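Asker: Below: one structure in structure tokens.
The values are calculated or read from the model by the stated rules, or taken from the named source; none is laboratory data. Given the structure is predicted, the values throughout are model-derived calculations rather than measurements. Cβ atoms come from the backbone with ideal geometry, glycine included; neighbour counts cover every protein chain shown. All accessible areas refer to the heavy atoms of the entire protein, side chains included, with ligands and DNA or RNA removed. Shrake-Rupley method; radii C 1.70, N 1.55, O 1.52, S 1.80 Å.
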Amino acid sequence: MSDFSEELIRSKTEDDKEESCVFSGTGMSFPWLQKHIGTVETGGKKEKDFAQTTSACLGFIQEALLKHQWQQAADYMHSYFQILEDSDSHKRQAAPEIIWKLGSEILFYHPKSSVETFNTFADRMKNIGVMNYLKISLQHALYLLHHGMLEDANRNLSFHLRTFSLWADEDDYAYNTASQNMFDHSWKTSVNLRALIQTPGVWDPFVKSYVEMLEFYGDQDGAREVLTNYAYDEKFPSNPNAHIYLYNFLKREKAPREKLISVLKILYQIVPSHKLMLEFHRLLRKSEKEDHHKLGLEVLFGVLDFAGCTKNITAWKYLAKYLRQTLMGNHLAWVQEEWKTRKNWWPSFHFSSFWAKSDWKEDKALACEKALVAGILLGKGCRYFRFISKQDDQVLRKKIKQIKKSVKKHSVVNPGL
């Protein structure tokens, strides 16, 4: 007998202790139902009587559910757990799914149930045979979504799919035994998921899990089609995650640079401050197209427009380097175009005396990169540049000297000085 079934099939004395029950702390009680069903001793009772008992209990549960008598159904359910000890192997194998379906419905509607109770029940039911694992994980995620717990649903599905994959890798014998049934069940699950995610809406956890399932079975074309439709179908609301999922998938497939750029270009239009924008810049920088090079500069300015990115030293390094490359490539107009819309607010936003002192104190490397950008865009008279260029730091003395030379050579305020 499994540890789980031992825990569920308790003596009357144990069941009276509410804190030991699966549903403890909820105010839900599960007494043995002696007035409806005779005492059952699974070790010595005849199989016929045992079958009649569980069958009668199932009938009581179904009747209670039809009448929305949730507590009464819960009481009956506690006795029905004995089905896990049925001597009939077919009934015993079918029992977990029946218990899950009935129990989840009871917990969904019971007035004293909670998300924690449902989670506990679901997690335990997942461990009664691998055949139930994915199905319960999916329905568990649906329950969490119903309660507005999107991140929990996503985490639940991702974790359990990874766990199942690891289990399959480590236990070849068990996997080979259950593989065909598992495939049949996964196919049914995939059909349900596909139908769900074809309905316009935001289905991030389900799309991710469905794609993981398709990739697990080697259906790369199917996974690509799902992600492409989710990202580009006009019936769906604008969703940055759809483009992130598609990009990550295409990146894993080592798709051509042009394809990756086309996906991130849409993400840039939706969330110009996303962390993938620095990766987008690198792709644009490596492109052979001049309009991509121009967009690469625009992307860096776009990232640094946002307060959450002001301390991103990588973004400042990229901008400092790319400004010099752009100007050396005789594209002063590109820089002037980007600076035109920012010259009235970037100086106070990024390049004030306050920020110069603060940045130098907190991160000297960041301060140096920003000083170079400030000098190029605002000239040698910029407060930020002046403050950093006057610092006498033995380690950064050579770096500051190089910054002064670059500003003198590339400043857009007085080109040629």
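Asker: Which trypsin sites (Lys or Arg not before Pro) in the stretch 326-363 pass both tests, a DSSP loop state and at most 15 other beta-carbon atoms within 10 Å?
Answerer: Working: sites: 340, 342, 343, 357, 361; in loops: 342, 343.
In loop regions of the stretch 326-363 (DSSP not H, G, I, E or B), the sparsely surrounded trypsin sites (Lys or Arg not before Pro) are 342, 343.
Asker: Another question, if that's okay. Quick check: Cα centre of the stretch 354-417 to Cα centre of the stretch 197-265, how many Å?
Answerer: Between the Cα centres of the stretch 354-417 and the stretch 197-265 lies a distance of 43 Å.
Asker: Per residue, what accessible area does the stretch 320-387 have, given a 1.4 Å probe and all protein chains present, in Å²?
Answerer: Details: 3380 Å² over 68 residues.
Roughly 50 Å² per residue, with all protein chains present.
Asker: Note down the net charge around residue 359, summing +1 for each Lys or Arg and -1 for each Asp or Glu among other residues with Cβ under 9 Å from its Cβ. Let's see the in-between values first.
Answerer: Values: positive: 311, 357, 361, 364, 370; negative: 362, 363.
Computed value for this residue: +3.
Asker: Moving on to the next point. Taking a threshold of 29 Å on the Cα-Cα distance, which of the pairs 275/343; 286/361; 235/343; 208/294; 91/112; 275/370 fall above it? List each step's numbers first, then the result.
Answerer: Numbers: 275/343 24 Å; 286/361 35 Å; 235/343 39 Å; 208/294 34 Å; 91/112 31 Å; 275/370 19 Å.
Pairs exceeding the cut-off: 286/361; 235/343; 208/294; 91/112.
Asker: Here is a further query. Rolling a 1.4 angstrom probe over the protein heavy atoms, how many square angstrom per residue are accessible across the stretch 192-305? Spell out each step's value before the answer.
Answerer: Numbers: 5350 Å² over 114 residues.
For the stretch 192-305, the per-residue accessible area is 47 Å².
Asker: Rounded to a whole number, what % of the accessible area of the stretch 246-333 do carbon and sulfur atoms account for, probe 1.4 Å?
Answerer: Working: 2180 of 4260 Å².
C and S fraction of accessible area: 51 percent.
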